[in-house]
1. Under 29 Å between C-alpha atoms is the cut-off here; go through the range 3-185 and count lysine pairs that meet it, provided they're at least eight residues apart or on different chains.
2. What residue among Arg33, Arg159, Arg90 has the largest mean-square fluctuation in a Gaussian network model of the chain, using Cα springs under 10 Å?
3. Using only Cα atoms, figure out Rg for the range 130-186 and give it as a multiple of 2.2 N^0.38 Å.
4. Please identify, among Pro163, Pro78, Pro14, the residue showing maximal mean-square fluctuation in a Gaussian network model of the chain using a 10 angstrom Cα cutoff.
5. For the chain, take the longest principal axis of its alpha carbons; what is the angle in degrees between that and the long axis of helix 107-116, to the nearest 10 within 0 to 90?
6. What percent does the relative contact order of the chain come to when contacts are Cα pairs within less than 8 Å and at least six residues apart?
Amino acid sequence: MRTLPVLLLLLAQPFWEARPPEKWSDAEIETMRHASPWVQRVGPAPGLLVWLATAEPVMEAEEEARLRTRRTEKEPDPDYAAYLTENRERSFVLAIAYPTLKDLGRAEEDRRMERECQMIVGRKTYAINGEFPPTPSDPVPRLVFPRVVGPADKSVVFRLYLPGLNFPERELEFRVKDLLYHGKLEM
């Protein structure tokens, strides 16, 4: 009889599958934005926060956080928002929370980042399609990748060159099966 509660706990759905975003607690919104399958820390502790910014549950959590705090200073850059409206079916975005942005914006380093940032799916390697540099209202660099990952893929690996950091080469891997939201792959 004691195993039944444990079994029920194991079968329970994650909060993002069980309830709509407006029913998520503030702590659950923070979990979605900082410790969900769509978010990783990369590099030496404490690590950089890197997330799949165009994943529907992440976007919903960010919007819900904005609504609850009535903050407008963290609104996405208008150019970025327009790009997503036109290209969401063809591209997805990987966002990186930098500890300081002072070392970004150097032309040579930016070109190196564009050359060296890659996405690996299976045996194929893809370059970034572009980037959205940080702005005062949206202080997060965002890398645009082609939307070529499918539900049958096992993982997607990102090899990143992040200018301005000690040891700027970073690598992270997302398991595709963990990126399902309401039965659909979300990136």
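1. Eligible lysine pairs with Cα atoms under 29 Å apart amount to 10.
2. For the chain, modelled as a Gaussian network with Cα springs under 10 Å, the answer is Arg90.
3. Numbers: Rg = 14.1 Å, N = 57, 2.2 N^0.38 = 10.2 Å.
Relative to the 2.2 N^0.38 Å estimate, the range 130-186 comes out at 1.38.
4. Pro14
5. 50
6. On the way: 280 pairs, mean separation 39.1, N = 187.
About 21 percent, as a whole number.
Each reported figure results from applying straightforward, stated rules to the coordinates on display, with no laboratory input. These numbers were taken from a predicted model, which means no experiment stands behind them.
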